[in-house]
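The next block holds one structure in the form of structure tokens; read it before the comments.
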Amino acid sequence: MHEIQRGDLAPGRLRRDRTSFGTVLETFVHGELRKLASWAADRCAFSRFRDKEHNEVDIVIEDGRGRVGSEQARCVRER
């Protein structure tokens with residue numbers, strides 16, 4: 001998914017830099033979905049999608065039967 005360097009995980013940086021936090025969150029969600037998919041009877045393929053207007057889907061999952069699902073990883077700050 002994303003290559004994460006050790007410095008990317010510094011708590012102060014994650015609080016200040018929402019882009020870094022988003023990268024870490026997206027990578028975590030991707031890893032957890034891959035773990036769950038390993039239990040599926042059908043093999044799953046993972047990818048991401050972005051169109052020419054830069055709309056994107058973080059994670060696209062397709063199973064061996066051609067069924068497709070998607071996941072968006074989002075973090076919302078509570079006030």
Taking segment 24-60 and keeping only residues that are surrounded by 15 or more Cβ atoms within 10 Å (Cβ to Cβ) and touching a helix residue (DSSP H, G or I) at 6+ places or on another chain (Cβ under 7 Å), one is left with V24, C44, D58, I59
Within segment 16-63, residues part of a helix (DSSP H, G or I), touching a strand residue (DSSP E or B) at 6+ places or on another chain (Cβ under 8 Å), under 20 Å from V76 (Cα atoms) and aliphatic (A, V, I, L, M) come out as V29
Selection from segment 64-79 of residues in contact with a strand residue (DSSP E or B) (Cβ under 8 Å, 6 or more places away or on another chain) and either assigned to a loop (DSSP other than H, G, I, E, B) or without any contact (Cβ under 8 Å) to a residue 12 or more places away in the chain (or both) yields G64, V68, G69, Q72, A73
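Rule-based calculations on the coordinates, nothing more; no lab input. This is a predicted model, so every value here is computed, not measured. A quick note on method: Cβ atoms are made from the backbone with ideal geometry, for glycine too, and the neighbour counts reach across all protein chains shown.
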